1. Looking only at the range B:79-99, which residues are open to solvent by 20 Å² or more (accessible area, probe 1.4 Å) and under 12 Å from A:LYS106 (Cβ atoms)?
2. For the structure I just gave you, tell me whether A:ALA97 is within 12 Å of chain B (Cβ to nearest Cβ) and either in contact with a strand residue (DSSP E or B) (Cβ under 9 Å, 6 or more places away or on another chain) or touching a residue at least 60 places away in the same chain (Cβ under 8 Å) (or both).
3. Find all pairs meeting these conditions: Cβ atoms under 7 angstrom apart; at least six residues apart or on different chains; first residue within the range B:14-34 and within 10 Å of DNA strand C (Cβ to nearest atom); second residue in a loop (DSSP other than H, G, I, E, B).
4. State which residue is farthest from A:ILE319 (Cα to Cα) when the search covers only the range A:172-189 and only residues that are open to solvent by 40 Å² or more (accessible area, probe 1.4 Å) and touching a residue at least 40 places away in the same chain (Cβ under 8 Å).
5. What pairs can you find where one residue is in the range B:51-74 and more than 9 Å from chain A (Cβ to nearest Cβ) and of a type in the set (A, V, I, L, M), the other is open to solvent by 20 Å² or more (accessible area, probe 1.4 Å) and in a helix (DSSP H, G or I), and their Cβ atoms are less than 9 Å apart, with a gap of 6+ or different chains?
6. Return the residues of the range B:302-344 that are β-branched (Val, Ile, Thr), at pLDDT 95 or above and open to solvent by less than 40 Å² (accessible area, probe 1.4 Å); say none if nothing qualifies.
7. Filtering the range A:35-50 down to residues that are without any contact (Cβ under 8 Å) to a residue 12 or more places away in the chain and open to solvent by less than 50 Å² (accessible area, probe 1.4 Å), which residue is nearest to DNA strand C (Cβ to nearest atom)?
8. Give the residue, chosen from A:LEU103, A:LEU117, that is in a strand (DSSP E or B) and within 8 Å of chain B (Cβ to nearest Cβ).
Number of protein chains: 2
Amino acid sequence: MNDRADKKAARATADQVAREANVSRVAVSRAFNPNASLKPEKRDRILQVARELNYTPDMAARSLVTGRSHLVGMIVPDVCSPWESQEIDALTTALQAEGFATLLFKVKADFSMDPRLLTYMRGFNPDSVIAFTENILPDVLCGFLDRAVPIYVIYDDVAQFAGAASGTLYDRLLVRQKNGIEQAVALLQGYGARRIAYLGGKAQSLANAERERTLKETLAERGMDAPIVLAGDYTYDTAYRATLDLFRIGEGADAIFAANDVGAFGAIDALRHELGLSVPEDVKVVGFDDIPQAHWKSYNLTTVRIDLDERVRALVRLILMRLRAPDAAPLTETLNTRLIVRGTVG
Amino acid sequence: MNDRADKKAARATADQVAREANVSRVAVSRAFNPNASLKPEKRDRILQVARELNYTPDMAARSLVTGRSHLVGMIVPDVCSPWESQEIDALTTALQAEGFATLLFKVKADFSMDPRLLTYMRGFNPDSVIAFTENILPDVLCGFLDRAVPIYVIYDDVAQFAGAASGTLYDRLLVRQKNGIEQAVALLQGYGARRIAYLGGKAQSLANAERERTLKETLAERGMDAPIVLAGDYTYDTAYRATLDLFRIGEGADAIFAANDVGAFGAIDALRHELGLSVPEDVKVVGFDDIPQAHWKSYNLTTVRIDLDERVRALVRLILMRLRAPDAAPLTETLNTRLIVRGTVG
DNA sequence: TCACAAAATGAAAACGTGTTCATTCACAAA
DNA sequence: TTTGTGAATGAACACGTTTTCATTTTGTGA
């Protein structure tokens, strides 16, 4: 009844707090801005009154004048993917501690991006944008965003996005996959694998392309045959079917190197539950990512880990540095990968 | 170089568009507001100029005067959980289509909520808030939020939150678990299960409490023994250990009814890979949720499905109706559950 | 042509905050 | 007491938009 209407009217404003505490509205603003000069006792009194009135500074109004929204935009194709959901979770926690809120935008599963979405996102004026979707080229993103500097995750080949026009500014997280892939190949070779199949991820994914390239390079360096390449899309079902085809229509393989852990699960299940083969005795399997499910007993997957904590720390570092120095030269953080040995190889 | 500085200055405003198109700033505002009265040709010209200048209305400024932020806050304890990540994904997609962006807030894993987080969230003035965390009581949330009306997901027992103070307004999504649980129990009984164990979820979770209560009720109605209750927390590892304890220290069971699918996976793996028992021959297993992994061949889990699409549609419906009629009486949407039969029972 | 309703238009006010800048205050040193 | 220095203070402005309201233009029927 009146209860609610009152409550609605009770959306406290800085003016009301000021009146109640017998100070100017500016003082209230200063009370919420730690490094503003204000008599301690006065600040305490103001904060006390603010608490009583249930007052919080309005972010929209604040954003309007400071030019900082305290929002970090994340462009993701698939929140359900264990890998991405892990990253969103950790990133949100870390950014929250720094005073930023996560703004989520979903793009279509094929990574295609509705240009209206970018327009829409820009309206919110995010302080920073992380693009989990690799085919939104820096050119496009930088052109759309005005204030925020996007962060790109790239793999091995530093020359990626070389086609970007000069003058665009974006920061990079460079993931060195070479290490992990080398360790994996060495292990496979040690256990006598000769015919290795690469079970790909999404065709449009640059991460996948680079993963495949680095695998080929590594095999060549060790004098091994080029891999059989299977098309995939990072999903369980596609990996499952691709594996069946490989052994029923194709000529099979000694080992399967999957572009991601979920794909590796699909391959393992196809081998064990439909082809009657055993892992690792008949076929060895290696994954990529090291998601939590990788240690589940049914899979117990040997996989190349991209350390989540390290990755999130690096991203947060990039965001904070860029906000501190908006015009600094492009930054690059580097990350290594390493093999986690479990039960699907030896 | 100058390129960037220019681009930064080029953050187009409605005034600039107006000047460039020889119209008033008000006309620009109207051009972006579909139901405002404006000569079509004029609107076209304005939108054309806006596109050239890369202009988008600033959401913060708009929010300040309209009182709508176009933000929907989501309070989640764990983005990584397959169930929640699915829901966030689908909800974000649906809301995005309606012009809302998702604002993510993470609470600690034990569901405890930092009061500062609520304060912080309120600063963003979300148009709506969905609480995935059940122990933030409506009283607290309504007291903190001024404009937004929270949505609560409740289970079976409509009397939940009855302790909430009168005058608080919140909408509800009521999930009827009884159906699905009855079907599951019927199936288990049909296959001769007598000693049933309930593998619980988080102790603080009301969903878990209600699931346990309804299971007990259903067993009693069918004249079966009360279940053995195992403590859990919705995670794989805890479920794994609890299952080991049940069979090594405890007296075992015919069937395990898990509070969620991930817990069921842990139970299955413990049974098969460590206890040397087979599922479903020695022990039957039923899960809850029907996450995508449930159909993976390694588990092929029989489980109680809470239909995701239906659930998301209901939530979106609640949000939109509440925004249209902020003072309407509390709304309740109802959802049924049903058993999905796969390979872990018969 | 006139009258009248309806649509189109723009000036000004409003939303709630941070920041500038000139002023006042407090206190220690001369 | 005087001077000087730095902290504390508040009035006014700025941020970019929507909304109100009074005015002008357009369209329609007599």
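The values are calculated or read from the model by the stated rules, or taken from the named source; none is laboratory data. Given the structure is predicted, the values throughout are model-derived calculations rather than measurements. Counting neighbours? That spans all protein chains shown, and the Cβs are built from the backbone with ideal geometry, glycine included. The area values use the complete protein model at the heavy-atom level, side chains included, leaving out ligands, DNA and RNA. Shrake-Rupley method; radii C 1.70, N 1.55, O 1.52, S 1.80 Å.
1. Scanning the range B:79-99 gives B:ALA90, B:THR93, B:ALA94, B:GLN96, B:ALA97.
2. On the way: within 12 Å of chain B (Cβ to nearest Cβ): yes; either in contact with a strand residue (DSSP E or B) (Cβ under 9 Å, 6 or more places away or on another chain) or touching a residue at least 60 places away in the same chain (Cβ under 8 Å) (or both): no.
Against the criterion (within 12 Å of chain B (Cβ to nearest Cβ) and either in contact with a strand residue (DSSP E or B) (Cβ under 9 Å, 6 or more places away or on another chain) or touching a residue at least 60 places away in the same chain (Cβ under 8 Å) (or both)), A:ALA97 does not qualify.
3. Listed pairs, sorted by first residue: B:ALA18/B:SER24; B:ALA27/B:LEU38; B:ARG30/B:ALA36; B:ARG30/B:LEU38; B:ALA31/B:LEU38.
4. Applying the first criterion (open to solvent by 40 Å² or more (accessible area, probe 1.4 Å)) to the range A:172-189 yields A:172, A:176, A:178-179, A:182-183, A:187, A:189.
So of that shortlist, the ones also touching a residue at least 40 places away in the same chain (Cβ under 8 Å) come out as A:172, A:176, A:178-179, A:183, A:187.
Details: A:ARG172: 11, A:ARG176: 20, A:LYS178: 26, A:ASN179: 26, A:GLN183: 32, A:LEU187: 37 Å.
Selected residue: A:LEU187.
5. These pairs meet every condition: B:LEU53/B:GLN16; B:LEU53/B:GLU20.
6. Let us first name the residues in the range B:302-344 that are β-branched (Val, Ile, Thr), namely B:302-304, B:306, B:312, B:316, B:319, B:332, B:334, B:337, B:340-341, B:344.
Subset that is at pLDDT 95 or above: B:302-304, B:337, B:340-341, B:344.
Passing the criteria: B:THR302, B:THR303, B:VAL304, B:THR337, B:ILE340, B:THR344.
7. Filtering the range A:35-50 for residues that are without any contact (Cβ under 8 Å) to a residue 12 or more places away in the chain and open to solvent by less than 50 Å² (accessible area, probe 1.4 Å), the one nearest to DNA strand C (Cβ to nearest atom) comes out as A:ALA36.
8. On the way: A:LEU117 fails: in a strand (DSSP E or B).
The conditions single out A:LEU103.
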